[in-house]
1. Evaluate the following for residue 140: is it closer than 29 Å to residue 12 by Cβ, modelled with pLDDT of 75 or more, in a helix (DSSP H, G or I) and within 21 Å of the chain's Cα centre (by Cα)?
2. Looking at (1) surrounded by 11 or more Cβ atoms within 10 Å (Cβ to Cβ); (2) at pLDDT below 70; (3) farther than 22 Å from residue 163 by Cα, which is the only condition residue 79 fails?
3. Report the residue count in segment 103-134 for those that are surrounded by 11 or more Cβ atoms within 10 Å (Cβ to Cβ) and assigned to a helix (DSSP H, G or I).
C-alpha cells in the first residue's frame, strides 16, 4: 500500500512541476482528435455537453425541455447528447433521493443543531475542534500542499453537501 501512495505522490509532484506541459499536451491531443476525426470530436463535445445538462437537470435546476433546448442552442444536440443527459439526469435524481434518505436517517438537522449548541456553550468542544483542525493542518503540511489545503477541501465538500441539501428542500 505504501508503494502505491508513494507512486501517486511522485505523479502529483511531477504534474505540479510540469503543469504547463500537461495542459499543452491535453490541448494538443484534443486539437489532434478534432482535426483528424471531427466526428469523434463532436461526439466527445456532445457527450460532455449532455453530461453537464444531465447533471443540472438531475439536481432539479432545469427541466428536460430546457436541457434539450440548451443542447440545441450550443450546437451539441445529438442522439448521444440527449441519451447522455437523460441517463445522467436519472442517475443524479436517484442519488438525490438516496442522499435525502441518508440525511433523514442520520438526523442531519439534529446533528447540525447539536453541533451549533455545543460550539456555543462548551469550551471543551471548541478546544476539541481546534485540536482536530490543528491536526488536519499538520497533515496538510506533511503533504507539502500548504497548511490549509485539506481544510479547504473539507470546507468545499461541506459546502457541496449543504448546497445539495438546500436544492432538495432541506436547510
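1. yes
2. Of (1) surrounded by 11 or more Cβ atoms within 10 Å (Cβ to Cβ); (2) at pLDDT below 70; (3) farther than 22 Å from residue 163 by Cα, only one is false for residue 79: (1).
3. 18
The values are calculated or read from the model by the stated rules, or taken from the named source; none is laboratory data. Worth saying up front: this structure is predicted, and the values here are computed from it rather than measured. Note that each Cβ is placed from the backbone with ideal geometry, even for glycine, and that neighbours are counted across all protein chains shown.
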